[in-house]
Amino acid sequence: MKQKAQITFEQQETVVLKQSGSHVLEFCPRCEEEVLFVTPEILAAMTESSEREVFRLVEAGVIQFVERKRTYACSECYRNSIEQRPLIPATSMIKKLGE
């Protein structure tokens, strides 16, 4: 008889924005207020997404960005873009997977 064991790993991350150049406070014309612009790397870590996802949204014009020595993306635009995305019902996803 085979025995199965279940192992669970928990991971906790802390992002500290103390490093010089990792963020800037800028006026965002899309959000119409002064907001925190962070590097795509930090925005991805803050939102549990990927840097590629952040750059894809920047390139699509969904997220406002500024270029200084580095590229900085608007954290509020990202949050707003997630809220405005339509949710796909799980039943339609199951149907697509079954096809």
Problem - Within the stretch 23-55, backbone nitrogen closer than 18 Å to the virtual label 7 Å beyond the Cα of residue 11 toward Cβ - result: 41-54
Fill in the blank from the handout: Length gained if residue 71 through residue 24 is fully extended, taking 0.36 nm per residue and subtracting the Cα-Cα distance, is 15.9 nm
Practice task
Normalising by the residue count of the stretch 36-75, find the relative contact order in percent from Cα pairs under 8 Å and 6+ residues apart.
Solution key: 51 percent
Handout entry: Only Lys, Arg (+1) and Asp, Glu (-1) charged, at Cβ; the stretch 36-75 dipole about Cα centre in debye
Key = 180 debye
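Read-outs throughout are calculated quantities, based only on the coordinates presented, and are distinct from any laboratory measurement. From a predicted model like this one, the values you see are computed outputs, not experimental measurements. Reconstructed Cβ throughout: ideal geometry from the backbone, glycine too, with neighbour counts over all protein chains shown.
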